[in-house]
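Chemist: The structure is given below, and queries will be raised subsequently.
The values are calculated or read from the model by the stated rules, or taken from the named source; none is laboratory data. As the structure is a computational prediction, the values presented were derived from the model and not from experiment. Cβ atoms come from the backbone with ideal geometry, glycine included; neighbour counts cover every protein chain shown. Accessible surface is based on the protein model in full, side chains and every heavy atom, while ligands, DNA and RNA are left aside. Shrake-Rupley method; radii C 1.70, N 1.55, O 1.52, S 1.80 Å.
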Amino acid sequence: MTLTDADIAALANDLDEASSIVWESYRSVGISLGLHDCWASAIKAPNGKISGILALYSRNQHKVADWPKKIVSGAVPFCGVVIEQYEARQHISQLANYDPLTGFLNRSSLHKVLKTMISQPGDNRFAVLLLDLDRFRDINDALGHIQGDTFLKAIAERLKTLCRSNYILSRSGGDDFVIVIPNATAETAVNFIKATTEAMQRPLEVAGNHLSASFSTGIATFPENGPDGESLISHAEVAMRQAKKEARGSYRLVSTVDTKEAQDRLVLGSALRDALAKGLLNLHYQPQIEARTGEIYGVEALSRWNHPTLGNIFPSRFIAVAEETGQIEAIGRWSLEEACRQITQWERDGVHIPVVSVNLSAGHFHNRSLVPMIADLLRKYGLAPERLTVEITESVMMDESDETMNVLSAIRKLGVGLSMDDFGTGFSSLSRLTRLPLTEIKIDRSFIMNLETDPNAQAVTTAVIGIGNRLGMTVVTEGVETEAQYDLLESLHCDVLQGYLFAKPMSATDLEIWYREPRKLMPAMKKGSDK
């Protein structure tokens, strides 16, 4: 039987009420079962909580001595200790295996369950669905994190009502949920997620607000999409991101091609994590030259990775993997520190590089710790802030959230430069350009490739240089490879040039050698240096 709140309250006042609860109310039933007497006592835990009742029943019709009562009274304290230990173990198990907010399995427990399912003999198959809640950050920002947690709990309750009893539910952290459907094909999983999508359109009430939820979902199946739980979830996550990128609220199945690409990313991501931990990445530096004088304006720091077995890995490849595996911020932090360290090393060696530009991804500018980190690095290496420039992409420019704008403004207040990289290749607008605290614009190399022959490329380049000059920004052109390109850019009053015409990206040691050698000057540079 289960004790009611009224039973517990009565027992708290009088432990002997246990007899009336388990015997007096059921005497006729007990006698019909051959029981003729009962000795009972409430079990009080050391913390004072009533945790149960110990009852001893007798089939003897004749009155016995009081020894049964002594047994009960002697055993009750031990029962209290045993129950308390059991509850403590249960609590520890709950903390270790379940998400405290939703009661779903946590990530580590989910992997144990998947391992068990995979190891079962026979033609075993199941589907893994990774559901990522769309725009959950907006709810947190609008209602606060407490109500955000309330919303997640409501979502979890709704999901429970949609799942059958043999489905496995997990919250893997944040706003991600995993549902495992046993004995399921991809078609079964798709039908389930369609029904879930429809059910989630019914609003949930949170703090007086009626909120609808939608998920972007990735679906992987065993054994087609992976031999183990880790790869299944990883592949489902890739499919989920594809769904979120193409159409929020939709689902995507893991394809054979996706699986192979995901496996490659998994291997490369693991190797990259190891490379970061062991300091196997390095920076190369490409000089930037003042168009009128030929003097060194600065260098751009570019990440390079030479893996002992995989060989040289193109930045475009490992940077993409870093963004997908959440390692891009670590690379950015490392690049900033290594660039600052290298500036001071060059100064000690008599090599004066006025400024080093470091590329950062969009994710860095959502992190409020970026600004104090840069400030700490400048102090640590004794650098003036103007010796460092942070390059941003147009995706940062498109993000006009207060958080991002505040971080950009704070960087400029430090005195560190801000450069818009690859300007003109995305969806940037002039109105946004005027609102950002930029010190520099970089014209992408794609405009320079056909600069001599393409009137459209010339028109865009002329316009960007003019805009930058009028806004008081330095204009840097990438990808300059011929003297004809130089002549045209110099005539358009471009400030700084970067490209193979002057130097390729090189190691810090090679750049020092290059710095000490005589450099080729164009005729216009000679004139400019004489003024």
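Chemist: In nm, to one decimal, how far is the modelled label at residue 278 from the one at residue 452, with both set 7 Å along Cα→Cβ?
Modeler: Modelled inter-label distance: 4.6 nm.
Chemist: Taking loop as defined by DSSP and a crowding limit of 12 other beta carbons within 10 Å, which trypsin sites (Lys or Arg not before Pro) in the stretch 1-85 fit?
Modeler: Filter output for the stretch 1-85: 59, 63.
Chemist: Just flag the chymotrypsin sites (Phe, Trp or Tyr not before Pro) in the stretch 443-526 sitting in loop per DSSP whose Cβ has no more than 12 other Cβ atoms within 10 Å.
Modeler: Those that pass, being in a loop and sparsely packed, are 500.
Chemist: How far apart, in nanometres, would the label points at residue 330 and residue 519 be if each is projected 7 angstrom from Cα along the Cα-to-Cβ direction?
Modeler: Going by the 7 Å Cα→Cβ label model, 3.6 nm.
Chemist: To the nearest Å, what is the center-to-center distance of the stretch 101-159 and the stretch 372-390, using C-alpha atoms only?
Modeler: 41
Chemist: OK, next. Compute the long axis of helix 107-119 from its Cα atoms, compare it with the longest principal axis of the Cα atoms of the chain, and write down the angle in degrees, 0 to 90, nearest 10.
Modeler: That helix lies at roughly 80 degrees to the long axis.
Chemist: Could you work out [θ]222 nm for the chain from helices alone, using -39500 (n - 2.57) per DSSP H run of at least four and dividing by all its residues? Round to the nearest 500 deg cm²/dmol.
Modeler: Rounded to the nearest 500, the figure is -15500 deg cm²/dmol.
Chemist: Still on this structure, I have one more. Could you let me know the centre-to-centre spacing of the stretch 223-241 and the stretch 300-338, using Cα atoms, in angstrom?
Modeler: So the two Cα centres are separated by 24 Å.
Chemist: Give me the 1.4 Å probe accessible area per residue for the stretch 279-407, excluding ligands and nucleic acids, in Å².
Modeler: Ligands and nucleic acids excluded, the result is 42 Å² per residue.
Chemist: Given a Förster radius of 45 Å and the C-beta distance between residue 6 and residue 113 as r, what FRET efficiency does 1/(1 + (r/R0)^6) yield to the nearest 0.05?
Modeler: Efficiency, from the Cβ-Cβ distance: 0.70.
Chemist: For every other residue with a beta carbon closer than 12 angstrom to the beta carbon of residue 182, add +1 if it is Lys or Arg and -1 if Asp or Glu, then tell me the sum.
Modeler: +2
Chemist: As an exercise, use a Förster radius of 35 Å and the Cβ-Cβ distance of residue 199 and residue 413 to find the FRET efficiency, rounded to the nearest 0.05.
Modeler: Using R0 = 35 Å, I get an efficiency of 0.10.
Chemist: In the chain, what percent of the accessible surface is made up of carbon and sulfur (1.4 Å probe, ligands and nucleic acids excluded)?
Modeler: 53
Chemist: Okay, next question. With θ set to phi - 60°, apply the Karplus curve 6.51 cos²θ - 1.76 cosθ + 1.60 along the stretch 215-230 and write out the HN-Hα couplings as whole Hz, x wherever there is a Gly or Pro.
Modeler: Those phi angles translate into 10, 9, 10, x, 10, 10, 10, 9, x, 4, 10, x, x, 8, x, 4 Hz.
Chemist: Keeping all protein chains in place, calculate the accessible area per residue for the stretch 62-198 (probe 1.4 angstrom), answer in Å².
Modeler: 57
Chemist: With a cut-off of 8 Å between alpha carbons and a minimum separation of six or more residues, what is the relative contact order of the stretch 450-495 in percent?
Modeler: 40
Chemist: Shifting gears a bit: Determine the per residue accessible area of the stretch 465-531 with all protein chains present and a 1.4 angstrom probe, expressed in square angstrom.
Modeler: On a per-residue basis, the stretch 465-531 sits at 53 Å².
Chemist: At 7 Å along the Cα-to-beta-carbon direction for both residue 493 and residue 345, put a label point, then send me their distance in nm to one decimal.
Modeler: Calculated label separation equals 4.0 nm.
Chemist: Further question on the same structure: Report ³J(HN,Hα) in whole Hz for each residue of the stretch 271-281, in order, from the Karplus equation J = 6.51 cos²θ - 1.76 cosθ + 1.60 where θ = phi - 60°; Gly and Pro get x.
Modeler: In residue order, the calculated couplings are 5, 5, 4, 5, 5, 5, 5, 9, x, 8, 7 Hz.
Chemist: Next up: For the stretch 1-76 and the stretch 178-196, write down the distance between their C-alpha centroids in whole Å.
Modeler: One Cα centre to the other: 50 Å.
Chemist: What is the extension gain from residue 310 to residue 267, computed as 0.36 nm multiplied by their sequence separation minus the C-alpha to C-alpha distance, in nm to one decimal?
Modeler: Taking residue 310 through residue 267 to full extension adds about 14.4 nm, to one decimal.
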